[in-house]
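No lab work stands behind these numbers, since they all come straight from the coordinates. Computed from a prediction, not measured in an experiment: that's the story for all the values here. Positions of Cβ are generated from backbone atoms using ideal geometry, with glycine treated the same way; all protein chains shown enter the neighbour counts.
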Amino acid sequence: MNADGSDTLRFPTLEAMGAALEVDDVELMASLVRMFLVDLVEAASTMAAASGSNDPAAVQSTAHKLKSSARMLGAAVLGDLAAEIEAIARSGFTPDVYLLERFGGECGRVTEGMTRMMPFELASQPFQA
């Protein structure tokens, strides 16, 4: 649970995530999660750089893309933070350091949780785009 009492991930297993998304192939779910985690690292880096260079348009675009993916995979807190960042950027500002730190911390919790839910043999397979 996060400081506000919310869970980082809605689904405890890949199977539960797959059932909610109507996907019964665990390997496919593992592939989707790996792809999301690769995108998450890129998004966090892009948002930090865009915030540092005062580029709200880049922050908004990146946060918008991440928001729906995070929510779809059960990372509601991360999706909500992305939505908050997107709204700030849409108004022409970049998020403050505190919000970026909260976002970074949640990225770490989501990465850890999603990695932990994958069976070892699926987690260790390289992602192929």
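May I have the convex hull volume per residue, in Å³, for the Cα set of the chain?
Per residue, the Cα convex hull of the chain comes to 100 Å³.
Here the stretch 27-46 and the stretch 47-96 have alpha carbon centers that stand 16 Å from each other.
Between A87 and V23, the C-beta separation translates, for a Förster distance of 30 Å, into a calculated FRET efficiency of about 0.45. Note that the stretch 17-32 has calculated 3J(HN,Hα) couplings of 4, x, 4, 5, 8, 6, 10, 9, 9, 5, 5, 5, 4, 4, 5, 4 Hz, one per residue in order, obtained from phi through the Karplus relation 6.51 cos²θ - 1.76 cosθ + 1.60 (θ = phi - 60°); glycine and proline are x.
Ranked by the mean number of other Cβ atoms within 10 Å of their residues, highest first, the peptides 31-44, 89-102 fall in the order 31-44, 89-102.
As a length-normalised measure over Cα pairs under 8 Å and 6 or more apart, the relative contact order of the chain settles at 30 percent. In this simple spin-label model, placing a label point 7 Å from the Cα along the Cα-to-Cβ direction at both V97 and M35 gives a separation of 3.7 nm.
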